[in-house]
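The values are calculated or read from the model by the stated rules, or taken from the named source; none is laboratory data. Computed from a prediction, not measured in an experiment: that's the story for all the values here. No Cβ is skipped: glycine too gets one built from the backbone with ideal geometry, and neighbour counts run over all protein chains shown. The protein model used for the area step is the full one, side chains on, heavy atoms only, and it has no ligands, DNA or RNA in it. Shrake-Rupley method; radii C 1.70, N 1.55, O 1.52, S 1.80 Å.
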Amino acid sequence: LMRLPYQFLNTVFIAFFILVLSISAHAQSKLFNGNDLTGWKINGTEKWYVENGELICESGPDKEYGYLSTDKNFKDFILKLEFKQEANGNSGVFFRSSVKGTIVKGWQVEVAPPDQHTGGIYESYGRGWLIKPTQEQEKYLKMGEWNKMKIHVKGDQVTTYLNGHKMISLHDEKIGAGEGGIALQIHSGGGIKVRWRNIQLKEL
């Protein structure tokens, strides 16, 4: 058996390593780059800006709903992010959703003050609450601290996790047929400020 030159083997190994890194990067991508709002669109007049590598949403003088939506649509995915509620904290993460002005169609994973169902699923301009966490699960929210959220969407099933704890699991035919992007929300009413970081999505 002919022995392959060391230099050839080394070149093959490097090429393989680069390929693996490329596939890994494609499989999981940062939706927020930590520098600016590239890949996102502001909807409404509320405030969205970047500070110290964090994405911040804050109520503006109009005190209306506001959304920051992705340019791309995502069907099946695992979305991981962190959020910290500095004031009020009534926000949310929409998926398979579309935004026109400040009218959103789709489904929201709730981000809210204590005992207001963070991790539950709400259908805007539709059926309203589809599923809420139990009272026992409400305690997993750390108000005023960084929280880790994971959202798993596959076909007609949605499962949410908060700080490592499973919050809800839902099968829904309408969600299964839904299409659209990811959107972060500022609730109406004013007085809201939420920080976001490490927003990463892996398509399935």
Report task. Please give the per residue accessible area of the chain, computed with a probe of 1.4 Å over protein heavy atoms only, in Å². Result -> 54 Å²
Requested in this report: Loop only per DSSP, at most 12 neighbouring Cβ atoms within 10 Å: give me the GluC sites (Glu not before Pro) in the range 51-145, ordered by residue number.
Outcome: Glu136, Glu145
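Dipole of the chain, Cα-centred, from +1 at each Lys and Arg C-beta and -1 at each Asp and Glu C-beta, to the nearest 20 debye?
Details: 25 positive and 22 negative charges, 104 e Å.
Roughly 500 debye for the chain.
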Report task. Any chance you could give the angle, 0 to 90 degrees and rounded to 10, that helix 6-27 forms with the longest Cα principal axis of the chain? Result -> 10 degrees
**Report entry** Dipole of the range 64-188, positive direction: furthest Cα of Gly126, Leu79, Trp146, with charges on the beta-carbon
**Finding:** Leu79
Query raised in the report: What 222 nm value per residue comes from the helices of the chain, counting each DSSP H run with n ≥ 4 as -39,500 (n - 2.57) and dividing by all residues, nearest 500 deg cm²/dmol?
Result: -4000 deg cm²/dmol
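Within 10 Å, at most 16 other Cβ atoms, and a DSSP state outside H, G, I, E, B define an exposed site. Report the longest part of the chain free of exposed trypsin sites (Lys or Arg not before Pro).
Details: sites that count: Arg3, Lys63, Lys75, Arg127, Lys142.
Result, exposed sites excluded: 143-204.
When the Kirkwood hydrodynamic radius is evaluated over all pairs of different C-alpha atoms of the range 49-118, what value in angstrom, to one decimal, is obtained?
Working: mean 1/r = 0.0726 Å⁻¹.
Hydrodynamic radius (Kirkwood, Cα only) of the range 49-118 equals 13.8 Å.
Taking K and R as +1 and D and E as -1, what net charge do the other residues with C-beta under 10 Å from the C-beta of Ser59 add up to?
Numbers: positive: Lys47, Lys63, Lys193; negative: Glu46, Glu58, Asp62, Glu64.
Computed value for this residue: -1.
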Query raised in the report: When the chain is modelled as a GNM with alpha-carbon springs shorter than 10 Å, which of Thr118, Thr134, Thr159 fluctuates the most?
Result: Thr134
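Could you give the alpha-carbon Rg of the range 97-204 over 2.2 N^0.38 Å, rounded to two decimals? Walk me through the intermediate numbers first.
Details: Rg = 13.7 Å, N = 108, 2.2 N^0.38 = 13.0 Å.
Here the Cα radius of gyration is 1.05 times the empirical estimate.
What net charge do the residues around His117 carry, taking every other residue with its C-beta under 10 Å from that of His117, with Lys and Arg at +1 and Asp and Glu at -1?
On the way: positive: Lys132; negative: Glu110, Asp115, Glu138.
Cβ neighbours under 10 Å give a net charge of -2.
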Report summary line: Counting only protein heavy atoms with a 1.4 Å probe and every protein chain in place, the carbon and sulfur fraction of the accessible surface of the chain in whole percent equals 52 percent
Query raised in the report: Among all the lysines, which ones have a C-alpha under 17 Å from Lys105's C-alpha, if same-chain residues fewer than 8 places away are not counted?
Result: Lys41, Lys72, Lys75, Lys174
Report task. Would you list, by chain and number, the lysines whose Cα falls below 18 Å from the Cα of Lys142, excluding same-chain residues fewer than 8 positions away? Result -> Lys80, Lys84, Lys132, Lys150, Lys166, Lys193
Query raised in the report: Binning every alpha carbon pair distance of the chain at 5 Å from zero, what are the percents per bin?
Result: 1, 7, 15, 19, 19, 15, 8, 4, 3, 3, 3, 2, 1, 1, 0, 0
